[in-house]
Amino acid sequence: MPISPSRYVPYETKNIMIKIYSYEKKNLIGSIGNTGLKQDLLFNNITELILETEYILNEIDFPQVAFNMRSFSDEKSQLNYEFEVNTNISKKPIAQFRLSVIYRQNSSWQGSLAFLDENKEINFRSVLELIHLFDSALAK
């Protein structure tokens with residue numbers, strides 16, 4: 001069985017930096033940064049955070065997707081850069097994270113989330129667990 005050649009992806013590109021500016025009523029507002037992006041992407045909620053992160057992972061093609069996502073439409077999903085962003089965010093983030101997605105299997109993500117403000121890192125096994133990690137770090 002032939003082994004397919006692997007494509008080199010620089011370590012810095014594999015990490016996604018997340019800055020949270022607001023967490024009111026369990027609603028995340030912040031930005032996502034990656035060395036492969038020209039500028040940070042802004043998000044208003046967890047759905048935008050997840051979809052924008054998935055877009056970045058698809059663009060760098062790492063980690064590779066194990067399953068094709070199902071959809072109600074025939075069109076391939078693309079990131080909409082015209083999200084309306086809440087302008088009432090503070091200039092200084094209230095929390096910063098480094099997200100490393102190692103696998104995209106079983107239609108979910110597995111990897112680690114580092115809470116940079118407290119120098120802690122925890123592995124997660126699904127996007128739902130990732131959401132709980134954000135909440136446990138921010139709900140104070």
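Brief remarks follow.
- Criterion violated by Gly36 - all others in (1) buried (at least 17 other Cβ atoms within 10 Å of the Cβ); (2) at pLDDT below 95 satisfied: (1)
- Scan of the stretch 23-51 for residues that are outside any strand (DSSP E or B) and under 16 Å from Arg98 (Cβ atoms), ordered by number: Asn34, Thr35, Gly36, Leu37, Asp40, Leu49
- Those residues of the stretch 106-132 which are surrounded by 15 or more Cβ atoms within 10 Å (Cβ to Cβ), over 17 Å from Ser31 (Cα atoms) and in contact (Cβ under 8 Å) with a residue 12 or more places away in the chain, in sequence order: Ser108, Trp109, Gln110, Gly111, Ser112, Phe124, Val127
- Residues being more than 20 Å from Leu138 (Cα to Cα), at pLDDT 85 or above, of a type outside the set (Asp, Glu) and surrounded by fewer than 18 Cβ atoms within 10 Å (Cβ to Cβ) are entirely absent from the stretch 90-98.
The values are calculated or read from the model by the stated rules, or taken from the named source; none is laboratory data. If you're wondering where the values come from, they're calculated on a predicted model, not measured in any experiment. In this analysis, Cβ positions are derived from the backbone assuming ideal geometry, glycine residues included, and neighbour counts consider all displayed protein chains.
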